[in-house]
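Undergrad: Could you have a look at this structure, given as structure tokens, before my questions?
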Protein chains: 2
Amino acid sequence: MAQMLTQTFNTRAIKTQINGSKIAPVHPVSDQFGEIAGYVGLIATEFSYRKDEEIYGEDEPAEYVYQVVSGAVRSYKLLSDGRRQIGSFHLPGDVFGLESGPAHRLAAEAIIDTTVRLVKRSSLEKAAGTDVLVARKLWTMTAGELRHAEDHMLLLGRKTAMERVATFLLEMDRRLAVASMMALPMCRRDIGDYLGLTLETVSRALSQLHAQGILGFSGARQIVLRNRQRLHNLDA
Amino acid sequence: MAQMLTQTFNTRAIKTQINGSKIAPVHPVSDQFGEIAGYVGLIATEFSYRKDEEIYGEDEPAEYVYQVVSGAVRSYKLLSDGRRQIGSFHLPGDVFGLESGPAHRLAAEAIIDTTVRLVKRSSLEKAAGTDVLVARKLWTMTAGELRHAEDHMLLLGRKTAMERVATFLLEMDRRLAVASMMALPMCRRDIGDYLGLTLETVSRALSQLHAQGILGFSGARQIVLRNRQRLHNLDA
DNA sequence: CGCGGGTTTGAGGCGAGTCAATGAGAGTGG
DNA sequence: CCACTCTCATTGACTCGCCTCAAACCCGCG
């Protein structure tokens, strides 16, 4: 299996080894991996990426499907002049990189040091070809991404800067708050590129919310929401 | 079947009958309907909507899946104060209203008088439960919508007004041009709400493209692209 | 023909972007 | 343990692209 990895991962495996990431031993799919597919016969492998390391590029063949174990990932598209739109952030437990077609439509990078679990796309395809429950699960996961994208189109097309930031805070609060505190893994530029704003506009909105007592800081990326209701009111 | 329709369509069927739409006789799925599912046993019905008539509302139970036969449909979300984001336009041949979950996440309205073919969602679910090819087709269709949404997020978050209009024109040219002429079914406000712009900004961009000789008008909604290459250059 | 909705065009305002400087931590090495 | 550095974040001043408001125009349709 270690041999299979070096074959199939080629450049990425080499790069990751240079970066000092470990390759976890092969093991059967555990319950925790049920999000991708809780079925015997699927091989899950762990893999690690360093901060800002590319996991896959836009239009690259979609060979694997990933689940974040720890860390955080951004999926994005670029325009030719470098303008970037982040489509989604992937946090621990999230599955990403799932494609129905042959290629990844967004690139993916580790926001911070990140460990993922992955399975070969062909394994999933094969399982889906014989098991309608697997097929249904794949559809449902893609539909979940579509739901998020539809909500995000409304944000990008029609919300004001303050509404976008309020939406973002409530989303992150829901997805990664522990004990009412959230530790954002991403920088202001990432947030801006997710919300269709500049990093300065994001910073100004956060400062304004801080001044109004709606949130508290413990360092720029440790945020406590002090009044979710008022935040909801700011979110259209 | 007519009885089934009045039962299952309730208010919509009544409204449509008042509007004078016809209810087509039940018939087996034809080859043309293969986009939804070319399988024996699925019942397709035709239904018509008048200009601006609602086909289904946001968060309404997703009982049917639709395919445009003729006309055009807009799918959109609204903010509480009326701001609208159109997620996509559905043109003849397009399938819309397909959901993995229980409810429609966007509302749908006929842009002009429109005829659709529809099948019960439960029929598709049932077919997908026994036939992995049907299941695969449903997944692929949802993945296609996701691809469009991802491209559109990039447009809404990062493109300029002129780039958005150029992208729109190329999309419509690809999807509905006949003999290099496209007859837009939607008004400037719809285009603006699709592109995250105001109708005035859309109009100004089109006027500018006209002045540059990149497109020609035969009435405000009949457009000929005279230089696709320059339009591509304007689209980031 | 003559409405009337839809479109175009103009003038001015404003929200977010740009450019620039300062500030605050986190990590590093002496 | 502190000084240094470097990245990231904040804040300010100014600009600008798109929005708003308003008026004129143009067809398409009855």
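Undergrad: For A:Phe217, tell me the accessible area in Å² from a 1.4 Å probe, rounded to the nearest 10.
TA: Rounded to the nearest 10, that gives 70 Å².
Undergrad: Taking beta carbons within 10 Å but only from partner chains, what does the mean come to for residues A:158-171?
TA: Working: counts 10, 4, 1, 0, 0, 2, 1, 0, 0, 0, 0, 0, 0, 0.
Counting Cβ atoms of other protein chains within 10 Å of each residue's Cβ and averaging gives 1.
Undergrad: Let me know the charge dipole size of the stretch A:53-172 about its Cα centre in debye, to the nearest 20, where only the beta-carbon of Lys, Arg (+1) and Asp, Glu (-1) is charged.
TA: On the way: 15 positive and 18 negative charges, 68 e Å.
In debye, rounded to 20, the stretch A:53-172 gives about 320.
Undergrad: OK, next. Quick one: compute a quarter of the convex hull surface over the Cα atoms of the stretch A:128-196 and quote it in nm². Please list the in-between numbers first.
TA: Numbers: hull surface 25.3 nm².
The Cα convex hull of the stretch A:128-196, projected and averaged over all directions, gives 6.3 nm².
Undergrad: Next question. Among A:Val165, A:Gly213, A:Thr201, pick out the residue whose Cα is farthest towards the positive end of the charge dipole of the stretch A:159-234, where Lys and Arg carry +1 and Asp and Glu carry -1 on C-beta, about the Cα centre.
TA: The residue sitting most towards the positive pole is A:Gly213.
Undergrad: Moving on to the next point. Cα convex hull of the stretch B:69-115: mean projected area in nm², to one decimal? Before the final figure, lay out each step's value.
TA: Values: hull surface 14.9 nm².
Answer in nm², one decimal: 3.7.
Undergrad: Taking every alpha carbon pair in the stretch A:159-234, what does the distance histogram look like in 5 angstrom bins from 0, in percent?
TA: The calculated distribution, bin by bin, is 3, 17, 31, 30, 17, 2.
Undergrad: Go through the stretch B:149-155 residue by residue and turn each phi into a ³J(HN,Hα) via Karplus (6.51, -1.76, 1.60, θ = phi - 60°); whole Hz please, and just put x for glycine and proline.
TA: Each residue's phi maps through the Karplus curve to give 4, 5, 4, 6, 4, 4, 4 Hz.
Undergrad: Quick query: amide H of A:Ala44 versus all other amide H atoms, modeled in the peptide plane; which residues come in under 5 Å with a sequence gap of 5 or more or a different chain?
TA: Distant-sequence amide H within range of A:Ala44: A:His27, A:Val29.
Undergrad: Taking a label point 7 Å out from Cα toward Cβ, give me the nm distances from A:Arg83 to the same spot in the other copies, shortest first, one decimal.
TA: List, nearest first: 1.8 nm.
Undergrad: Find the sum over both chains of the accessible area lost when A and B are paired, probe 1.4 Å, and report it in Å² to the nearest 100.
TA: 4100 Å²
Undergrad: Now a separate question. Is there a simple number for the mean count of other chain Cβ atoms within 10 Å of the Cβ of residues in B:123-136, and what is it? Could you put the intermediate results ahead of the total?
TA: Numbers: counts 0, 0, 1, 0, 0, 4, 4, 1, 2, 8, 2, 2, 10, 8.
Mean shielding count: 3.
Undergrad: Determine the order of B:Lys51, A:Lys126 by accessible area, beginning with the largest, at a probe radius of 1.4 Å. It would help to have the intermediate numbers written out before the result.
TA: Numbers: B:Lys51 120, A:Lys126 155 Å².
Order by accessible area, largest first: A:Lys126, B:Lys51.
Undergrad: Where the centre of each part is set by its Cα atoms, how far does the stretch B:158-192 sit from the stretch A:103-160, in angstrom?
TA: Cα centroid of the stretch B:158-192 versus Cα centroid of the stretch A:103-160: 29 Å apart.
Undergrad: Once the label point is set 7 Å along the Cα-to-beta-carbon vector, what list of distances in nm do you get between A:Gly101 and its counterparts in the other copies?
TA: Values, ascending and in nm: 2.5.
Undergrad: A follow-up question, please. Nm distances between the label at A:Asn233 and the same-position labels in the remaining copies, 7 Å along Cα→Cβ, shortest first?
TA: Output for A:Asn233: 5.2 nm, nearest copy listed first.
Undergrad: Shifting gears a bit: Charges only on Cβ, +1 for Lys and Arg, -1 for Asp and Glu: so what's the dipole of the stretch A:159-234 about the Cα centre, in debye to the nearest 20?
TA: 140 debye
Undergrad: Starting at the first residue of the stretch A:197-210, write each ³J(HN,Hα) from the Karplus equation 6.51 cos²θ - 1.76 cosθ + 1.60 with θ = phi - 60°, in whole Hz, x for Gly and Pro.
TA: So the Karplus estimates, Gly and Pro as x, are 10, 8, 5, 5, 5, 4, 4, 5, 5, 5, 4, 5, 5, 5 Hz.
Undergrad: Jot down the per residue volume, in cubic angstrom and as a whole number, of the convex hull over the alpha-carbon atoms of the stretch B:34-169. Intermediate results must be reported in sequence, preceding the final value.
TA: Details: hull volume 15.7 nm³, N = 136.
Per residue, the Cα convex hull of the stretch B:34-169 comes to 116 Å³.
The values are calculated or read from the model by the stated rules, or taken from the named source; none is laboratory data. Since we're looking at a predicted model, the values are computed, not measured. Heads up, the Cβs are rebuilt from the backbone with ideal geometry, glycines too, and the neighbour counts pull from every protein chain shown. What goes into the accessible areas is simple: the full protein's heavy atoms, side chains included, and nothing from ligands, DNA or RNA. Shrake-Rupley method; radii C 1.70, N 1.55, O 1.52, S 1.80 Å.
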